[in-house]
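J.: I have a structure here, written as structure tokens, and I will follow up with some questions on it.
No value in this document is a laboratory result; all are computed from the given coordinates. Quick caveat, the model's predicted, so the values are computed rather than measured. Reconstructed Cβ throughout: ideal geometry from the backbone, glycine too, with neighbour counts over all protein chains shown.
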Amino acid sequence: MTNKKIWFITGASRGMGVDFVKAALAAGHAVVGTGRDPDAVAKAVGDLDDLQVVRLDVTSPADAEAAVRAAVDRFGRIDVLVNNAGTFEAGYFEELTPEQVERQLATSLLGPMNVTRAVLPIMRKQRSGHIISISSGAGLVGFEFCSAYAASKFGLEGWMESLRPEVEPFGIHTTIVNPGFFRTELLTKESMAFADRPIEDYAGRRAEQLKWWEAQNGRQPGDPAKLARAVVRVAGEQSPPRRFIAGTDAIALAEQKVADLKAQINAYHQLSTSLSLD
């Protein structure tokens, strides 16, 4: 391995985060694996020489600062940040409490911002680095029963796309990853919560959605270990992609989104282009 990098990975105690840690270590990199429960991280990924386990609740800016300090104290630098930590507050928008929506945004949108804000001074000083944020198919397309989750991922993408030209002059790359359905622990009770303000009008469809989501757990087609290896490969490129769409299902979603946009542009093209001042 010629180019050993220091990786900083959030949400490393379970799910895809564990696979990211293992893939980066297997490729010969050093890894700072973070999570709210450091013992759970250590248990999930094992005790290895090139691994540092650090406590980090991404919703806390102070935690983010402290975790980044610990990483730099140990390894001297941070080359790749993977914003992976996230939760899923599932449910119809009206049935989600304001607290649930805030919790979703705090973890999946403001969390990556907190960690990136703490890491950027290091990467700027190095004049190099790579920020990888894990979005979702729901960062490209909104879905029934996923309003809060999609809002957090659409927000993540707008932030990342805007961050790119801000940090590129410092030699810092950014990549948005849009995984489709991978067989991770996102759909387990540890990562997924359901709306807890039932409204009768939604009852029938809610029952169907709950049944569908519970059936998906453990049946997702994507292999998270392969995804992790692909992300490590992408991070190793001279000019990494701005976006990596991961999985056949995610590609199909993206293609549908492009087609829908095109159809909507065409449908009102005349009206849209008639709005200039005379």
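J.: Which shape class, rounded, prolate or oblate, goes with the stretch 190-270 when its Cα gyration tensor gives a ≥ b ≥ c as root eigenvalues, a/c under 1.5 marks rounded, and past that a/b bigger than b/c marks prolate?
T.: oblate
J.: Can you give the local net charge around residue 250? Use residues other than it whose beta-carbon is closer than 11 angstrom to its beta-carbon, Lys and Arg +1, Asp and Glu -1.
T.: In short, 0.
J.: Among 105, 210, what is the fewest-to-most ranking by other Cβ atoms within 10 Å? Intermediate results must be reported in sequence, preceding the final value.
T.: Values: 105 19, 210 15.
Final ranking by Cβ density, sparse to dense: 210, 105.
J.: Sticking with this one: If the chain between residue 193 and residue 274 were fully stretched, how many nm would it gain, using 0.36 nm times the residue separation less the Cα-Cα distance?
T.: That works out to 24.6 nm of additional length.
J.: Based on the alpha carbon coordinates of the stretch 197-241, what radius of gyration and maximum Cα-Cα distance (Dmax) apply, in Å?
T.: Final numbers for Rg and Dmax: 18.7, 54 Å.
J.: Give the residue from 148, 163, 76 lying farthest towards the positive end of the charge dipole for the chain; charges sit on Cβ (+1 for Lys and Arg, -1 for Asp and Glu) and the dipole is referred to the Cα centre.
T.: Going by the charge dipole, the pick is 76.
J.: Most fluctuating residue of 128, 108, 13 in a GNM of the chain with Cα springs under 10 Å: which is it?
T.: 128
J.: Now for a different question. Along the stretch 168-178, what does the Karplus equation 6.51 cos²θ - 1.76 cosθ + 1.60 (θ = phi - 60°) give for ³J(HN,Hα), rounded to whole Hz, x for Gly and Pro?
T.: Values per residue, Gly and Pro as x: 3, x, 9, x, 9, 8, 10, 9, 9, 10, 10 Hz.
J.: Further question: Taking only C-alpha pairs under 8 Å that are 6+ residues apart, what is the relative contact order of the stretch 6-272 in percent?
T.: Once normalised by length, the contact order is 20 percent.
J.: In a GNM of the chain with a 10 Å cut-off on Cα contacts, which of 129, 46, 247 has the highest mean-square fluctuation?
T.: 46
J.: Per residue and in Å³, how big is the convex hull formed by the alpha-carbon atoms of the chain?
T.: It comes to 162 Å³ per residue, whole-number rounded.
J.: Moving on. Could you pull out every residue, at least 5 positions away or on a different chain, whose amide H is within less than 5 Å of the one on residue 246? Hs are placed 1.01 Å off N in the peptide plane, and Pro or chain starts have none.
T.: Close amide H contacts, sequence-distant or interchain: 178, 180.
J.: Using the Karplus curve 6.51 cos²θ - 1.76 cosθ + 1.60 with θ = phi - 60°, work out ³J(HN,Hα) for each residue of the stretch 96-106 in order, rounded to whole Hz, and write x for Gly and Pro.
T.: Along the stretch 96-106, the couplings run 7, 6, x, 5, 5, 4, 5, 5, 4, 5, 4 Hz.
J.: I've got another one for you. Once phi is turned into ³J(HN,Hα) by the Karplus curve 6.51 cos²θ - 1.76 cosθ + 1.60 with θ = phi - 60°, what whole-Hz value does each residue of the stretch 80-85 show in order, with x for glycine and proline?
T.: 10, 9, 10, 7, 10, 4
J.: Take a quick pass over the chain and tell me how many lysine pairs come in under 21 angstrom between Cα atoms, counting only ones 8 or more apart or on separate chains.
T.: 12
J.: Give me the angle, in degrees from 0 to 90, between the Cα long axis of helix 147-167 and the longest principal axis of the Cα atoms of the chain, rounded to the nearest 10.
T.: With rounding to tens, the tilt is 50 degrees.
J.: Ok, one more. Say we join alpha carbon atoms closer than 10 Å with springs in a Gaussian network model of the chain; which of 251, 265, 199 then has the biggest fluctuation?
T.: 265
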